[in-house]
Amino acid sequence: MSAGPTPGRIAALTAAAMLAFAANSVLNRLALADTAIDAASFTLVRIAAGALVLWALVRRQQDGRLAGDWAGAAALFVYAAAFSYAYRELSAGTGALLLFGTVQVTMIGTGLLKGERLRALQTVGLLLALAGLGVLLAPGVSAPPAEAAILMALAGIAWGVYSLRGRRARGTPLAMTAGNFVRAVPMAIGLSMIAAADARIDALGFVYAALSGALASGVGYAIWYSALRGLTATQAASVQLSVPVIAAIGGALLLSEALTLRLLLASVATLGGIALVVTTRRNRP
């Protein structure tokens, strides 16, 4: 009988997945800041590359069938498109914080609407997280542009919806994600046709988009699904709080983006608050 994944292997897979998630923010920002590619073209190349790699991974399995549905694909497409357009004006760290903060708030809020109840410490954590996002978005010299912030919040809501749907979907997570990526390709083509007048692409921008889709998304998701076998739900939620920090460091190193006091304070409040929510056992309705 084969032994299960060792703690060391789970830790390595988890770290690799978090680096891949953060790489999506850095690659998107690199492409839109330093190359000629436009947001719609980046979205199309990213989704198409991810679909190709995920399809190839699914084909290697015994079943080899794609899963997912059109509603899940629509949520995935909205996430990817809003993500790309938001990063025209957001730094890597700010965008990742807005994204993952909104994802967690969306998922926690959905649970509350369905009757879940928070303990006192969790309520404090949720309020602290909301205050952190408020600090980040409050008017001021270092506040992110409102339109870009709204788009990234929309991306976070869409990814939260996608994640919630994934918990109820049939089929393996890999087959579901591959099927949704494949279904999202025509949606991305439609967006590119609508935005054709502003279409711009160059070799480096194409490479960044392909890496984002094939490696940071496709391979990254596959690694994450392997890691999930050895993580509890709370551990899986908590570890993702590292992504905005990794993205901020990557943005500082690769894009010379400033780590502002506002971003640092907002990160501590938002990530710390969400950590209180996801690591404290919830009351049942």
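The values are calculated or read from the model by the stated rules, or taken from the named source; none is laboratory data. The model shown is predicted, which means the values in this text are computed figures rather than measured ones. Cβ: placed from backbone, ideal geometry, glycine included. Neighbour counts: every protein chain shown.
Determine whether SER84 is within 14 Å of the chain's Cα centre (by Cα) and of a type in the set (S, T, N, Q).
yes
Scan ALA248, ALA266 and give me the residue that is in contact with a Gly (Cβ under 7 Å, 6 or more places away or on another chain), among the hydrophobic types (A, V, I, L, M, F, W, C), crowded, with 20+ Cβ neighbours inside 10 Å and farther than 18 Å from ARG88 by Cα.
ALA266
Does ALA49 meet the test of being modelled with pLDDT of 90 or more and either closer than 18 Å to LEU215 by Cα or touching a Cys at 6+ places or on another chain (Cβ under 6 Å) (or both)?
Yes.
Please name all residue pairs, on different chains or six or more residues apart, with Cβ atoms under 9 Å, provided the first residue is in segment 1-18 and is within 23 Å of SER217 (Cα to Cα) and at pLDDT below 80 and the second residue is surrounded by 10 or more Cβ atoms within 10 Å (Cβ to Cβ) and hydroxyl-bearing (Ser, Thr, Tyr).
Here the result reads PRO5/SER226, each pair linking segment 1-18 to a residue that is surrounded by 10 or more Cβ atoms within 10 Å (Cβ to Cβ) and hydroxyl-bearing (Ser, Thr, Tyr).
If you go through segment 67-75 one residue at a time, do you hit one that is modelled with pLDDT under 85 and touching a helix residue (DSSP H, G or I) at 6+ places or on another chain (Cβ under 6 Å)?
yes
Only one of these is surrounded by 21 or more Cβ atoms within 10 Å (Cβ to Cβ), modelled with pLDDT of 90 or more and closer than 27 Å to GLN104 by Cβ: ALA175, ALA188, ALA227. Name it. Reasoning before the result, please.
Numbers: ALA175 fails: modelled with pLDDT of 90 or more; ALA227 fails: modelled with pLDDT of 90 or more.
Only one candidate qualifies: ALA188.
If I ask for residues that are under 14 Å from ASP202 (Cα atoms), outside any loop (DSSP other than H, G, I, E, B) and of a type outside the set (Gly, Ala, Ser), which ones from segment 29-42 would you list?
Filtering segment 29-42 down to residues under 14 Å from ASP202 (Cα atoms) leaves 30-42.
Those still in the list that are outside any loop (DSSP other than H, G, I, E, B) too: 30-34, 39-42.
Of everything in segment 29-42, those that are under 14 Å from ASP202 (Cα atoms), outside any loop (DSSP other than H, G, I, E, B) and of a type outside the set (Gly, Ala, Ser) turn out to be LEU30, LEU32, ASP34, PHE42.
Would you pick out the residues in segment 241-262 that are under 20 Å from the mean Cα position of the chain (by Cα) and β-branched (Val, Ile, Thr)?
Scanning segment 241-262 gives VAL243, VAL245, ILE246, ILE249.
Does any residue of segment 123-132 turn out to be over 18 Å from ILE47 (Cβ atoms), of a type outside the set (D, E, K, R), modelled with pLDDT of 85 or more and assigned to a helix (DSSP H, G or I)?
no
When both residues are 6+ apart or on different chains and their Cβ atoms are under 6 Å apart, which pairs have a first residue that lies in segment 255-275 and is of a type in the set (D, E, K, R), and a second that is modelled with pLDDT of 75 or more?
Filtered contacts from segment 255-275: GLU257/SER91; GLU257/GLY251.
How many residues does segment 59-69 contain that are crowded, with 23+ Cβ neighbours inside 10 Å and in a helix (DSSP H, G or I)?
Within segment 59-69, residues that are crowded, with 23+ Cβ neighbours inside 10 Å and in a helix (DSSP H, G or I) number 0.
Return yes or no: is ALA92 at pLDDT below 80, touching a helix residue (DSSP H, G or I) at 6+ places or on another chain (Cβ under 9 Å), surrounded by 24 or more Cβ atoms within 10 Å (Cβ to Cβ) and closer than 23 Å to LEU19 by Cα?
The answer is yes for ALA92.
Could you tell me whether ARG9 is in a helix (DSSP H, G or I), of a type in the set (D, E, K, R) and loosely packed, with under 15 Cβ neighbours inside 10 Å?
yes
Of everything in segment 70-84, what is aromatic (Phe, Trp, Tyr) and surrounded by fewer than 23 Cβ atoms within 10 Å (Cβ to Cβ)? Give them in sequence order.
Listed by number, the list holds a single entry, TRP70.
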